[in-house]
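These notes are about the structure you will find just below.
Derivation of every value follows stated rules applied to the coordinates shown; laboratory data play no part. The model shown is predicted, which means the values in this text are computed figures rather than measured ones. Using ideal geometry, Cβ is built from the backbone for each residue, glycine included, and neighbour counts are taken over all protein chains shown.
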Amino acid sequence: MKDILNIARKEFKDTLRDKRTLMAMIVVPLLLFPVIFTVVGNIQSDSMEKAMSRELKVALVGSQVPEDLQAHLEKGSNLRLIPFGQDTSYRTYVRSDSLDAAVAVSEDFRSRVNNMQTGRITLYFQSTEEGVEQRLANLVDQYRARLRRERLAELDISEEVIQPVMLDMVDVATMQEKIGKYAGGFIPYIFIIFCFMGAMYPAIDLFTGEKERGTIETILTSPVRRIHILTGKMSVVVVTGILSALLAIVGLFAGLNFADTLPPQVTEVTGDILQPQFILLLLTMLLPLTIFFAGILVPISIYAKSFKEAQSIITPINIFVILPGIVGILPGVELTLQTALIPVVNIALATKDIVAGTIDYALLTAVYGSLILFAVVSVAFSVRYFGKETNILRA
Amino acid sequence: MIEIKDLTKQFRLNKQQKKKLGTGAGSVTAVDHINLTCQPGRIFSLLGPNGAGKTTTLRIIATILQPTSGTVRVAGHDVTKEGRAVRSKIGFLTGTTGLYDRLTPDELVTYFGKLNGMDSTTLERRKRDLFHTLEIFSFSSKRIGELSTGMKQKVSIARTMIHDPEVVVFDEPTSGLDVITAEHIIDLIRQCKDDGKTVIFSSHIMSEVDLLCDDLAIIHEGRILYDGAMDDFRAQMVNGSLTKEFIRIVNNAKTQAE
């Protein structure tokens, strides 16, 4: 036990002094959420605001443009109307961005409208320009509604006559349930990825690194049992994985509390989900999972001759962590006896049910059973693998 | 004391290795029924060309590798059955031994002292003596990654000797080092002898062997071609120079094999 602690302490110190590991283990998970929330939130709200308020240059095309239409458009916020008459070059201008849009009024518009027929207005725009279509269509809609009201009044018809049915939609699901359905699967998934990434660099550094630096013989000739060396090192790998997931949680909290760009409901509900009991429960599942990850990463790192080789073997394995996580987020995939046995997927699905308050405890037990079994088997494999001289000294 | 009796080490080959070596055999014999004895207070040199089996033999002594057959006893302990006891009696150093770059010499030597089960009083005293003799104090709290090769080698020596091992194993200790740095190692080997330790070192550099060793074994393709005192070797030489004699013996063995 003393040896294991000695080794773990030294390896932890060593790991914390490695810039590469620090980056992947502490800086990235801690800053990811705050950065995403502030940067993405700001950019999004900024650009949305800009799109809705910037001045639009709009061609008004046609010889029969009614004055009331022109007046209505001019009243619209920040529009510059450019009368185009019969000129047909407006399409090119819209295409080339010198105009934002064109409103073309058909030649017989006035007479048709006056005769209780339908007058045609064509809106030319580029859907790639955010906000243009929405702003102009709104204005035309308001104009149309006004004409309709005038006609109904003229014909002495009540508005209800042409609206026989009114549909009111009321969603009785709580915000917690709605967001929980997605966030419940998504939040653990983020932490699972950080557990893996946080464990990856230390695993490579602690095993392949020893080979690369030529220190493996030194540690093997010290009077410590190999299993103790392995246990000490592996526990550091597991701790760093869990630590980086914890830091991601801290980052998520910080991001939620400091970023004012998120809709308040999201902040509130995510805050409600991230209760201490929930985080503790999640950690009890992440611990065996991270041990399982370590059990995969360590034999690879023992086998690899160089950092590069280790990374090139581990990179494709990332997919096996990312893909099952996505399966867990997909709608319609539920926690069953089968899915409860698949690592990564089972955690995402179980947390979804826990958040929604519909967890089946028998299945939760199966989830823990499966996670622990996978952890035990992979560690046993690591122990066997580390015991083989050809693997350790492969150079 | 190191006693090697009828030691054989075979490595199993995988497909890739078979292809590389152009052989259909399932295994390759790195060490083939060798017998050697290294006495305390004497320097034993294992001389041989690359791939002769030197490193394999030394790694078995250091318990990094397990023998396929035969026995090796180090300071009275069997390498197969009492690995930990053997490791606590030995110091192991190679020319390519690396150190943990992100630790300081002080942290590193303390770490290995603790792994060797030393109590902190003995460890501190021993560390102080070694740092003094090797002049490590001036850089003992710098990160090892920032040190020069010579400084690193001194730290390696302190690391090897911290637990005052009875037996010291050097695997090509000066390979890749400049003369000044190599000199530290030569001094260390002499010091070990004066302290009555058992010293075994492997080399393919004849001048080094000539300078240091009391007993000599020449190894080639896993077999011992010569085993005896250095003085006897010099006396029965056919060629004038040690290097030429070494080459003659190895070549002789090759012709016989063909």
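Observations on the structure shown:
- Neighbour-count ranking [beta-carbon atoms within 10 angstrom, fewest first] of A:T208, B:T174: B:T174, A:T208
- Annotation: extensible slack from A:L373 through A:I36 equals 117.7 nm (criterion: 0.36 nm per residue apart, minus Cα-Cα distance).
- Qualifying GluC sites (Glu not before Pro) in segment B:77-149, DSSP loop, other Cβ atoms within 10 Å at most 15: B:E135
- Inter-label distance, A:V327 to A:M48: 3.5 nm, where each label sits 7 Å from its Cα along the C-beta direction.
- Take every DSSP beta bridge whose two residues both sit in segment B:2-257; close to 50 percent of them are antiparallel.
- Inter-chain Cβ neighbour count for A:211-219, averaged per residue, equals 6 (cutoff 10 Å, partner chain atoms only).
- DSSP loop trypsin sites (Lys or Arg not before Pro) with at most 15 other Cβ within 10 Å excluded, longest remaining stretch of chain A: A:121-224
- Across A:K308/B:K114; A:K308/B:K142; A:K211/A:K233; A:K13/B:K152; A:K305/B:K142, pairs whose alpha-carbon gap is larger than 24 Å: A:K308/B:K114; A:K308/B:K142; A:K305/B:K142
- Arranged from fewest to most other beta-carbon atoms within 10 Å of their beta carbon, A:V298, A:V65 become A:V65, A:V298.
- Spin-label model distance (nm) - B:R143 vs A:L393, 7 Å beyond Cα toward Cβ: 3.2 nm
- Residues listed by number, segment B:9-46, amide nitrogen under 16 Å from B:T80 label point at 7 Å toward C-beta: B:9-11, B:31-35
- Distance from the Cα centroid of segment A:271-294 to that of segment B:1-68 is 49 Å (rounded to whole angstrom).
- Charged side chains reduced to their Cβ positions (Lys and Arg at +1, Asp and Glu at -1) give chain B a dipole of some 1080 debye around its Cα centre.
- FRET efficiency for the pair B:T37 and B:N251, taken as 1/(1 + (r/R0)^6) with r the Cβ-Cβ distance and R0 = 30 Å, rounds to 0.65.
- Local electrostatic count at A:R394 - Lys and Arg +1, Asp and Glu -1, tallied over other residues with Cβ under 9 Å: +2
- Model label sites at A:A137 and A:D87, defined 7 Å from Cα along the beta-carbon direction, differ in position by 2.8 nm.
- Share, in percent, of DSSP beta bridges within the protein assembly as shown that are antiparallel, nearest 5: 45 percent
- Three-way shape call for segment A:234-368 based on the alpha-carbon gyration tensor, with the a/c threshold at 1.5: oblate
- Within the straight-line cut-off of under 24 Å between alpha carbons, the lysines reachable from A:K352 are A:K178, A:K181, sequence neighbours fewer than 8 places apart in one chain being disregarded.
- Contour minus Cα-Cα distance for B:K244 and B:K19 (0.36 nm per residue): 77.6 nm
- Net charge of Cβ neighbours under 12 Å - reference B:Q256; Lys, Arg +1; Asp, Glu -1: 0
- Among the trypsin sites (Lys or Arg not before Pro) found in segment B:20-128, those both in a DSSP coil and sparsely packed, with 13 or fewer other Cβ atoms within 10 Å of their Cβ, are B:K81.
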